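Values quoted throughout were computed directly from the atomic coordinates according to the rules given, and no laboratory measurement underlies them. A quick note: this is a predicted structure, and the numbers were derived from the prediction, not measured. Here the Cβ is made from the backbone with ideal geometry for all residues, glycine too, and neighbour counts use every protein chain on show.
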Amino acid sequence: MTLRRKLVAIQVTLVAIGLLGSTIISYQVFRRSQYNQIDAEARSAAPALANILVNGRTFTGGSFPGPPSDADGDGGASPAQGGGAGQGALGSLPRDSFAELRSADGKLLESFSDPLCDTHASCAIPALPATLAPVHNPSGTTSTVGATSGSATFRVLVIPVNNPGAAAGDLLVVAVPLGGTTGQLHKLLIVDLLVAAGVLIALSAGALLIIRRGLHPLERMAGTARVIAKGDLSRRVSPADDRTEVGQLGLALNTMLSGIEVAFAEREATEHRLRQFLADASHELRTPLTSIRGYAELWRLGAVSSDEDLTLAMHRIEEQAARMGVMVEELLLLARLDQTRPAERQPVDLAVVAAEACADVGAARRTHPLSLDAPIPVPVVGDASHLHQAVTNLLTNATRYTPMGTPIEVRATIEGGTAVLTVRDHGPGLSPEGLLHAFDRFWQADPARHQGGAGLGLAIVAAVAAGHGGAATVANAPDGGAVFSIRIPIPAPPAAVTASSPTMESAGAKH
């Protein structure tokens, strides 16, 4: 069953239950009201009936109010009226009513009924019990009984008789036919059922129309989802707002689709960079391997005869092998940094690490003046070798992509409970694309004229910073050049610093 049909069925069922309950309640309330009215009429007529039956024990026959009968051309008057109990005293009891006077032992003393019942035998006779229980309530007791034959019902009042001349324990029994009341109840029930049926039909049609319109946005969402499932991740569902539940669903789906689209785009970009890296790595590895194989073949063919030629060949072989080793080491380092197993941590002074990295890079690359500003210890908890590798990569990147003689400034300090290490150059800075992808793996600003790298150095920096609970950032300085920063939270309380090498001189030392 579709959702639309389920909602309509549930709504119609609930309304039907409500209508049925209201019909039963209204029927019972009206029935009780009618019975109470009949009981009140019987009680009001009881004194007159008792007077007739007690004072005229030998009298048979009589007449209840109602239309004149054929037997009584005078409007149903009876000799009983002359006994002091006028017809008006009987109230509004309908014809075909029945009254009896019984003694305390249950013996029938006198009865009073409509003469038509005697002449035409058209009246139902109430099926009264042979004996009656004593009644101590002055207002009497009421009950409903059937007829001796047929389906007629009577409302019966049994009340004590206190009239002069009545024996102790005499009881008056008044039986009022319920034919008219039953007919009214049946009419009320039929009207209620017809109204309920009409309401249910109208409600079903209206609910079907309203629910169809209400679910139409969901149908549109389903159609859009099928298009998206075929690969068009740029499509979005509507409505998408927070005013309705359907709009909130659309907003959540669009947010999810945006995330999926970004994830797929990032995956495609990563795969593209990976393919580009594999091509670059293959080229980079092929070049030194070709050189090594060439010098080895020269030696095998005897072309390397002199000591000078042999020394040159061995130097080139060693140089190319070292170049291959650096690339392999970078890949292995990234693989280790990607492992979920936590690395060993120990107290490290980031200022000392920066000093050591400046010393190493300054000795290897004397083309760029380096300066270090580290006035105070900067204690962190981490891996000293990984931090050294990250700072070295930043310095190497700065010397590789800036003109010769460009100053490079290194600073290690504490800012708001965070250890901050910055490397700034005074070169041309980075392009907007470079600022966005600087720390991406395998990405190079200008692959056509790179300096032999594979686009892994800054990726290693970002991985080391993330592994220490921090982050690596890059920005262009207002007066030119690029500023790379590593921010690492400092534990509280600060850990003791272990100096594994001689400390640097005062702030601003030159290398």
All other residues with a Cβ under 15 Å from the Cβ of Leu3 taken together, and with Lys, Arg as +1 and Asp, Glu as -1, what is their net charge?
+4
Find out how many positive minus negative residues lie around Phe264, taking Lys and Arg as positive, Asp and Glu as negative, among other residues whose Cβ is under 12 Å from that of Phe264.
-4
